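Peer 1: Structure incoming, see below.
The values are calculated or read from the model by the stated rules, or taken from the named source; none is laboratory data. It should be emphasised that the depicted structure is a prediction, and the values quoted were computed from it without experimental measurement. Counting neighbours? That spans all protein chains shown, and the Cβs are built from the backbone with ideal geometry, glycine included.
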Amino acid sequence: MPEMLGSGGVYFDPEQPADIANAMEKLLCCDKLRARNATTAYELAQAHSWKRCAGATFAFLARIVADGRH
């Protein structure tokens, strides 16, 4: 899910056990990668607070009601 994690994740094919194992090994063996991913994930999570997501949802619903598409 690059649209969510950007460069803050280790990507793999979920249907390929060897690919999953390689991704896990990268995270287990590389302290710098783990730390960088943790920092990036924390920063990205700040943009997805409950308050912000709820506000965006209610704004979307208000536009639908205002447009008469309900």
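Peer 1: Quick check on my filter: what residues within the stretch 20-70 are among the aromatic types (Phe, Trp, Tyr) and under 19 Å from GLU3 (Cβ atoms)?
Peer 2: Correct list: TYR42, PHE60.
Peer 1: Please report, ordered by residue number, the helices (runs of 4 or more DSSP H) entirely within the stretch 5-70 with at least 1 residues that are modelled with pLDDT under 95, among the β-branched types (Val, Ile, Thr) and out of contact with any Asp or Glu (no Cβ under 6 Å at 6 or more places or on another chain).
Peer 2: Here the list reads 31-45, 50-67.
Peer 1: What number of residues in the stretch 19-52 are basic (Lys, Arg) and either surrounded by 11 or more Cβ atoms within 10 Å (Cβ to Cβ) or in contact with a strand residue (DSSP E or B) (Cβ under 8 Å, 6 or more places away or on another chain) (or both)?
Peer 2: 4
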